[in-house]
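**Q** Quick one: this structure, given as structure tokens, is what I'll be asking you about.
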Amino acid sequence: MSTPTSLSLAALRAGKAAAERGDRSTTCPHDPTSDDVAERVQAKMWRRGYAEGNPVQLSE
């Protein structure tokens, strides 16, 4: 069973890996406007990971 923390950390790692592969920031698989708070947190963590792996800064 996944915990909210493990899902957040997985999203962070996935975002960083996506940036390092050169994927576009729009490939985030999580919906930042979802009604589900866990989905929104994963979207935020994915974007944070992407920012860590990408030397070009994203605007919020």
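**Q** Convert each backbone phi in the range 39-52 into a coupling constant with the Karplus relation 6.51 cos²θ - 1.76 cosθ + 1.60 (shift: θ = phi - 60°), then list the ³J(HN,Hα) values in order as whole Hz, x for Gly and Pro.
**A** 5, 5, 5, 5, 5, 5, 5, 4, 5, 5, x, 4, 5, 5
**Q** Got a number for carbon plus sulfur as a percent of the chain's accessible area, 1.4 Å probe?
**A** Its accessible area is 54 percent carbon and sulfur atoms.
**Q** Here's a follow-up. Which of the peptides 2-9, 36-43 is most tightly packed, and how do the rest follow, going by the mean number of other Cβ atoms within 10 Å of each residue?
**A** Descending mean neighbour count gives 36-43, 2-9.
**Q** Do the sum for the chain: with -39,500 (n - 2.57) for every DSSP H run of n ≥ 4, divided by all residues, what is the mean residue ellipticity at 222 nm, to the nearest 500 deg cm²/dmol?
**A** Working: 2 runs with 35 residues, N = 60.
So the calculated ellipticity at 222 nm is -19500 deg cm²/dmol.
**Q** For the pair GLU20/SER34, report the inter-label distance in nm, with labels modelled 7 Å from Cα in the Cβ direction.
**A** So the label points at GLU20 and SER34 sit 2.4 nm apart.
**Q** Residues of the chain: accessible area per residue at 1.4 Å, in Å²?
**A** Ligands and nucleic acids excluded, the result is 72 Å² per residue.
The values are calculated or read from the model by the stated rules, or taken from the named source; none is laboratory data. This structure is a prediction, so every number in the text was calculated from the model and none was measured. When we count neighbours, we look across all protein chains shown, and the Cβ atoms used for this are built from the backbone with ideal geometry, even at glycine. For accessibility, only protein heavy atoms count, side chains too; no ligands or nucleic acids. Shrake-Rupley method; radii C 1.70, N 1.55, O 1.52, S 1.80 Å.
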